[in-house]
Amino acid sequence: MTEGGTAEGAAPAGRAARELLVRAGGLLDAARGVLTDHTRAVTAVRTCLDPLLDDLVRAGLAAIPVARLKDVTEGRLRLGAIEQAGLTTVGQVYGAGRYELRQIPGVGAQTADQALAAAGQIAHAVRDTVALRIDVDTQDEAVTALLGALYRLVEAGPDVRRAVDGARALAERLEPLITAAGPARGRLRMLLTGRRARAGVREAVSGVRVAVADAVERGLPPLFAQVSADLLREPESAVAAWVDFELRSAEYYSLLAELSGSGPDRDAAEGFLPSGMADRVRGLRLDDARLRVSLRGYQSFGARFALVQKRVILGDEMGLGKTVQAIAALAHLAARGETHFLVVCPASVLINWSREVRARSTLRALPVHGPERREAFAEWRETGGVAVTTFDALHTLPGAADAGVRPGMLVVDEAHYVKNPATRRSRAVSGWSARTDRVLFLTGTPMENRVEEFRSLVRQLRPELAPAVSAGQGAAGSEAFRRAVAPAYLRRNQRDVLTELPAVVQVDEWEEFSEGDLLAYREAVAAGHFMRMRRAAYARPETSAKLNRLRELVAEAAGNGLKVVVFSYFREVLAVVREALGDGVFGPLSGSVAANRRQELVDGFAAADGHAVLLCQIQAGGVGLNLQAASVVILCEPQIKPTTEHQAVARAHRMGQIRTVQVHRLLTADSVDQRMLDIVARKERLFDAYARRSDVAETTPDAVDVSDGELARRVVEEEQRRLRAFASP
C-alpha cells in the first residue's frame, strides 16, 4: 500500500496530494490576482493619461505649419487647395475627417488620404516626444484624477515589478502542472487513470511541490498579498494625492515616462556609446531582488554598463544619481552570490553612503573609519557586506594583498581625488583596484575638460586605453570624446536625461561633527543656547565637515558650469562660507541690504558667464526675488519653519527655470539638525498640506508652522538629555 492506502501505481492520491494542490491553487489565484490588479491599475492610469497626452499632441500639431506635410511625402503632396480653405496647420488637417477634406474644391480622394496619412505620421512623431509636466500650482480635475490613479502604483513601489514578473512566471509554470496533477485529488480518479497516465500525474504532483517550495523560498506569497493590497489602495483625498506627489514626484514622473513611452533620447541616455557596446549592456538583465528602489531607465543602463564593462568611470552630471546606480550594481552582484564590497569616498559623504546603501538596498553597510576602523574592517572581512571607508582611512587598513578577501566590486566616489598616482590615497586605492575584477570610479566632473586627469584615472582601470586618450579628443567636443573613450567612460547630462524627472531633486547631505565642531556643539548644548547649537557646525571653519562638503558641492557645480545659491539663517555662517569660497562670490544678501542693492546683486549673479555663487540670508532671499539663474541650492542648515525652506527653494524653482533644480540640505547626524527634522516630521502631514494651500497660509505662514520657542525648548531639552546619557559611564 502507498500514500492514502491506494494500490501500487495509484499514488500520489490522498490527503497530502489534495492539500498540496489546494495550496498550489491558492498560490495560482494569488498570482493571477496580482496580474489582474496590476492590469487594472495600469489601465486606470492610461485612461486618465491618454486624453492629457492627446491635448499636448494637438497643441504641438497646432504649432506646425501645414507645409510640413510636404516633407513627409517628399514633396508629392499638393497643398494649395487645402491652404486656401483655411487649413494652415498640421493640427487642423489631422482633426479633419476624410469626408471634410474631400469637400474642399480641388481636393480629391487621393490628396485627402495622403494629407491625413502625412498628418498622422507627424502626430505619431509628436506623440513620442511630448511629456506631461504637472504644475502643483494649477490643479485641474483631470490631473488630480491621474495622480489618484498613479498613487496605487507608486504606493506599491519597486515590489510591483518583482511581483508581476514572479506572478507571470509562476502562473505559466503552475497552471499546466495543476491541470495535469488533477487526478491526484482523489483515489477513485487515480484508479480510473491508466497506468501510463499515472506516471504523468506523479511527475506533475512532484513539479507542483517543487514550484510551491520555490515560490515560498523566494517569498512570493507575502509579496503577492502586499502588492495586491497596495494596488487597491487609493489616496484618502484629492489633497492627499497632491501631497504625495510633492513628496515623491520622482516616482510619479518615472512611472509617467514608462507608461507614456516618453523619456530621454536613447543615444543620450546611453552616453552615445557605440551601438555594439550599447547592445551588450542592454542585453544584461539587472537582478533587482536586493534593491529597494525603482531605477530610471538611464540609471538602470548605468548600473549595467558598470557590470558589463567591469572597470569603468561613471561620470554623470551631478544630480543624476550616481550613488544609486553604484548600489544597483552592488545589489545585482549580491543577488548573484557576491558577499564583500568596498566603497572608498571622502569623509564628507561617508554617512550618506552608509544611509543610502541601507535605504536603497537590503545590503548591510558597515562604516570603516574612526578609532575603531580596524575592528570594523575585521568584522567586514569575516561577515561581509558593504564596507564604507574614506581615502584617508584606507591606507591605514590592511592592503588588498594582506586582507584575505577579494571584493566583488570596488567603488571609488569622487574619483578625481586619486588623479595623482604619487599620493598616498592613490596608492592605497590602486592596491585594491589591481586585485579587484570590478572597479567603478564615480565623478561628476566632466572629464572631457580634464584630459590629463582622465588619462590618469583610465590608467588605473584600463591601462591599455590610456595611450589612446589625447587632448585633441577633448577639444573635438563632449560627444566625440565620449565615443572615443566609450569602453571605460559613461557620462549623461541633465538636459539629456531629466525629461522624465521633476524640476526639483532634493538631497540630504549628512555629515559627522569634526572634533572642533563637536566641542563647540557640546558647549552650546550645555549653555542651552539653541541658535548657537544650530550654527556650531561652522564654529571651527578650518575643520568644519559641513563647510568641507559645501566646498565640494560648489566645486562640482563649477565643473559643470552651474550657478549656485547658498542659503543660511545666520549672517555669521554666510561670512564663514564667503571666506571659504574666496573671491568671485556675490553677496551676502541679507535683510540689512537695501532693496535696490539686493536686485543689483541678483542681476549681477544672473548675468555672470557660467558658474557663480550667490550667498543669501534665507529670510531675505526667500521672499520677493527671482533666482532662476541658479540650478543648485545649498541650505546650510535645516530651518525651524518648513515654509521658510519651501519659499527659498521656490525662488530658484519657478517660471523661467530651464534646468532641474538640485537642493542640497547640509545636516549633521546626532545633533540639533536631526532633532529638528524629527519634531517637524511628527506634525500631521495632511493638515500642513491643507493649510499651506490656504489663503491664510500664503500670507501668514507662522500660523501653520511649529513655533520657534516650542521647537527650541524641545530640541535643547532632548539634546541635553542625550549628551548626559552619552557621557554617563
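The values are calculated or read from the model by the stated rules, or taken from the named source; none is laboratory data. Just so we're clear, the structure is a prediction, and the values are computed from it rather than from any experiment. As a convention, Cβ positions derive from the backbone with ideal geometry for all residues, glycine included, and neighbour counts pool all protein chains shown.
Here are some notes:
Results for (1) at pLDDT below 70; (2) more than 20 Å from Ala545 (Cβ to Cβ), shown as yes or no for each residue.
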site	(1), (2)
Ala630	no, yes
Ala669	no, no
Phe687	yes, yes
Arg692	yes, yes
Thr699	yes, yes
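- Only one of the numbered conditions (1) of a type outside the set (Val, Ile, Thr); (2) modelled with pLDDT under 90; (3) surrounded by 18 or more Cβ atoms within 10 Å (Cβ to Cβ); (4) under 33 Å from the mean Cα position of the chain (by Cα) is violated by Ala359, and that is (3).
- Matching option when the condition is assigned to a helix (DSSP H, G or I), aliphatic (A, V, I, L, M) and touching a Leu at 6+ places or on another chain (Cβ under 8 Å), among Val593, Val554, Val565: Val554
- Considering (1) surrounded by fewer than 15 Cβ atoms within 10 Å (Cβ to Cβ); (2) closer than 24 Å to Ala326 by Cβ; (3) acidic (Asp, Glu), the lone condition that Glu236 does not fulfil carries the number (2).
- Between Val593, Val525, the distinction of being crowded, with 19+ Cβ neighbours inside 10 Å and out of contact with any Ser or Thr (no Cβ under 7 Å at 6 or more places or on another chain) belongs to Val525 only.
- Number of residues in the range 270-315 that are of a type in the set (D, E, K, R), under 22 Å from Leu461 (Cα atoms) and modelled with pLDDT under 90: the value is 1.
- Single residue of the range 450-471 satisfying the filter (among the polar types (S, T, N, Q) and surrounded by 17 or more Cβ atoms within 10 Å (Cβ to Cβ)) that is farthest from Ser430 (Cα to Cα): Ser456
- Residue in the range 549-572 that is assigned by TED's automatic domain parsing to the domain that holds Gln720, within 30 Å of Leu132 (Cβ to Cβ) and touching a Pro at 6+ places or on another chain (Cβ under 7 Å) present: yes
- Leu177 vs. criteria assigned by TED's automatic domain parsing to the domain that holds Val34, over 19 Å from Ala17 (Cα atoms), at pLDDT 90 or above and not hydroxyl-bearing (Ser, Thr, Tyr): no
- Hey, Ala648 over 24 Å from Phe513 (Cα atoms), out of contact with any Lys or Arg (no Cβ under 8 Å at 6 or more places or on another chain), modelled with pLDDT under 70 and outside any loop (DSSP other than H, G, I, E, B) or not: no
- The criterion of being in contact with a helix residue (DSSP H, G or I) (Cβ under 7 Å, 6 or more places away or on another chain), more than 21 Å from Leu52 (Cα to Cα), buried (at least 20 other Cβ atoms within 10 Å of the Cβ) and in the same structural domain as Asp37 (by TED's automatic domain parsing) holds for Asp230.
- Segments classed as helices (runs of 4 or more DSSP H), wholly inside the range 39-101, with at least 1 members that are outside the structural domain of Val164 (by TED's automatic domain parsing) and β-branched (Val, Ile, Thr): none
- Tyr253 meets all of the listed conditions (1) surrounded by fewer than 16 Cβ atoms within 10 Å (Cβ to Cβ); (2) at pLDDT below 85; (3) under 22 Å from Thr39 (Cα atoms) but one, namely (1).
- Arg364 vs. criteria of a type outside the set (Ser, Thr, Tyr) and at pLDDT below 95: no
- If you filter the range 419-435 down to residues that are under 23 Å from Val312 (Cβ atoms) and modelled with pLDDT under 90, you find that the one that is surrounded by the fewest Cβ atoms within 10 Å (Cβ to Cβ) is Asn420.
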